[in-house]
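Inspection log for the structure reproduced underneath, given as structure tokens.
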Amino acid sequence: MVELPPLSPQYALALAALLVLAVDTLAPGDRKDGLLASIAGAGTLVATGLAVWFAWAGTGSDAFTSFEGALVVDDLALFFTVLVGSIATLVVAASYDYVREHAHAAEYYALVLLATTGMSVLAAANSLATVFVALELVSLPSYVLVGFLKSNKDSVEASMKYFLVGALSSAVMLYGISLVYGATGSLALADIGAAAAEQSLDGVFGVGVLMVLGGFLFKTASVPFHFWAPEAYEGAPAPISAFLSSASKAAGFAAAFRVFTVGFPLDAVASTVNWALVLAVLAAVTMTLGNFAAARQESVKRMLAYSSIGHAGYVLIGLAALAGDADRLVLGASMMHLFAYGFMNTGAFLFVALAEHWGVGETFEDYAGLGRRAPVASLAMTVFVFSLAGLPVGVGILSKYFLFASAVDAGFVWLVAIAVVNSALSLYFYSRVVKALWVTEPETAFDIRSRPAGLYAAVVTAGVVTVLLLVAFDPVADTAVSAATALLG
């Protein structure tokens, strides 16, 4: 067989984006929505399939490096490439009905593919320079996608806010990278880690680390750089809200895991800046703020936006627990939760897109009676929200169990106690969705006149995967633990 380059998934995504633009350029006046969606879907499927194949063949165990070590293909990169590729496939399928007949459908699919390319590159980034470039490749298409509904004031306003806050966070992160370079003389993560271990670095390095941390907190919608997320997720097209809150968040955490374990190893930099203790406090605040704010919302979409902030707090536990007696399992458990969350959260936002397509409204009360009119989609939504809460109907209970149990073993009982309380609180606002779907009687009668195939297929597929992972979680867990083991040495 022909030996494929280790970066083949990233190449497939980039080529698919270029092909979409080429087709639109060669036939600008023709209606070709199905062709464009097929090319985009094929690109994400091929990239995901290649990443699965490489992971199964053990490619990630050898940690292939490319471009003078700026990129590395290991278990971490393959794990998150599978995740973001899968989410992008669901989003492309759902978007067919959302942007069909739209004048700029080609640009929409190309931007989704380019952002996905950036996310997969971000997971493989092995240098602070590559991390920053990949972050910008994710961010710039995302700004445009949030404001894609140009005739919608909320969409344009959300895009502008997202852009302004994103530009500020990029500037802060870039300045932090320059400080780290000035203190260590290198941008390669391994060289930075070696310099930190061999010499006593001053406060300039510590300030640089904190500024880089701020950039990651923005990308993952964590406190105190979370305030853009509810506005962006609410104003964006619902498939894009799913894409950003799941895939973009996962890619941001993937890069953070590598940067802070390889470039800023805690045992080498703790005397200068103990970032794990900072993250422990931020994890507690992030999950608490996200869940309490979600409990106060009347809009389902905005509730899911704040809920995504809460889940960012859960994932931060994996890095924070490295300050204690943590082993590879706690970091791997954070990766497991991101994988499970990706399908649960994407499916929930795509159900919101389905409700928007039907024109039933945005509040919990507007969802009343949908269970009887659309039982299959409503059952999938029930699985999503209960699994997000940690009930044993989907994979969410497993990922939370592994994460909380491993953090307790690391000595962070207080942080897990806060997480358990927040998880219990989340059951309240997630149950409101289920109550509206199946129990509450609608105030006005309405009919569902169309059942968009793409959206339905994406919602049902996400629901099936969420349930199947409950009984087939071992491959995910093994790959996550393997990736964490490689990072922690």
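All conditions in (1) over 26 Å from ALA483 (Cβ atoms); (2) outside any helix (DSSP H, G or I); (3) touching a Gly at 6+ places or on another chain (Cβ under 7 Å) hold for VAL273, with the sole exception of (1). Collect the residues in segment 226-251 that are outside any helix (DSSP H, G or I) and within 12 Å of SER159 (Cβ to Cβ), keeping them in residue-number order. Passing the criteria: ALA236, PRO237. Of everything listed in (1) within 29 Å of LEU487 (Cα to Cα); (2) assigned to a helix (DSSP H, G or I); (3) of a type in the set (Ser, Thr, Tyr), the single unmet condition for THR65 is (2). Checking the stated criteria, GLY371 turns out to be touching a Leu at 6+ places or on another chain (Cβ under 8 Å), modelled with pLDDT under 95 and closer than 22 Å to ALA453 by Cβ. Of the residues screened, GLY118 is not one that is part of a helix (DSSP H, G or I), under 20 Å from the mean Cα position of the chain (by Cα), modelled with pLDDT under 95 and among the small types (Gly, Ala, Ser). Of the set (1) more than 16 Å from TYR11 (Cα to Cα); (2) assigned to a helix (DSSP H, G or I); (3) touching a residue at least 60 places away in the same chain (Cβ under 8 Å), all apply to VAL84 but (1). Residues of segment 206-225 that are closer than 15 Å to ALA294 by Cα and either without any contact (Cβ under 8 Å) to a residue 40 or more places away in the chain or crowded, with 24+ Cβ neighbours inside 10 Å (or both): ALA221, SER222. The residue list ALA129, ALA167, ALA123, ALA171 contains one member that is crowded, with 21+ Cβ neighbours inside 10 Å and either in a loop (DSSP other than H, G, I, E, B) or among the aliphatic types (A, V, I, L, M) (or both), which is ALA123.
Residues that are touching a Pro at 6+ places or on another chain (Cβ under 8 Å) and under 20 Å from ARG258 (Cβ atoms) were ranked within segment 48-69; the one that is surrounded by the most Cβ atoms within 10 Å (Cβ to Cβ) is ALA51. Among the conditions (1) in a helix (DSSP H, G or I); (2) over 26 Å from VAL465 (Cβ atoms); (3) among the β-branched types (Val, Ile, Thr), VAL72 misses just one, which is (1). Of GLY332, GLY347, GLY371, all but one fail to be over 30 Å from PHE80 (Cβ atoms) and of a type in the set (Gly, Ala, Ser); the exception is GLY371. Taken over segment 84-97, residues that are crowded, with 24+ Cβ neighbours inside 10 Å and over 20 Å from the mean Cα position of the chain (by Cα) amount to 1.
Within segment 295-329, track down each residue that is among the aliphatic types (A, V, I, L, M) and under 29 Å from SER431 (Cα atoms). Before you say what the answer is, go through the steps one by one.
Looking only at segment 295-329, we keep the residues that are among the aliphatic types (A, V, I, L, M), and these are 295, 300, 303-305, 309, 312, 315-317, 319-323, 326, 329.
Answer for segment 295-329, where residues must be among the aliphatic types (A, V, I, L, M) and under 29 Å from SER431 (Cα atoms): ALA295, VAL300, MET303, LEU304, ALA305, ILE309, ALA312, VAL315, LEU316, ILE317.
How many residues are within 21 Å of the chain's Cα centre (by Cα) and among the small types (Gly, Ala, Ser) if we restrict to segment 61-83?
1
The single condition among (1) without any contact (Cβ under 8 Å) to a residue 60 or more places away in the chain; (2) over 26 Å from ALA483 (Cβ atoms) that ALA195 does not satisfy is (2).
Scanning segment 100-110 for residues that are buried (at least 22 other Cβ atoms within 10 Å of the Cβ) and of a type outside the set (Gly, Ala, Ser) yields TYR108, TYR109.
Just wondering, is there one or more residues in segment 384-403 that are of a type in the set (D, E, K, R), modelled with pLDDT of 95 or more and assigned to a helix (DSSP H, G or I)? Please lay out each step first, then the result.
Narrowing segment 384-403 to residues of a type in the set (D, E, K, R): 400.
Restricting the remaining residues to those that are modelled with pLDDT of 95 or more gives 400.
Right, trim to assigned to a helix (DSSP H, G or I) and you get 400.
Yes, there is a match, as at least one residue in segment 384-403 is of a type in the set (D, E, K, R), modelled with pLDDT of 95 or more and assigned to a helix (DSSP H, G or I).
The values are calculated or read from the model by the stated rules, or taken from the named source; none is laboratory data. It should be emphasised that the depicted structure is a prediction, and the values quoted were computed from it without experimental measurement. Quick reminder, even Gly has a Cβ in these numbers, built from the backbone with ideal geometry, and neighbours come from all protein chains shown.
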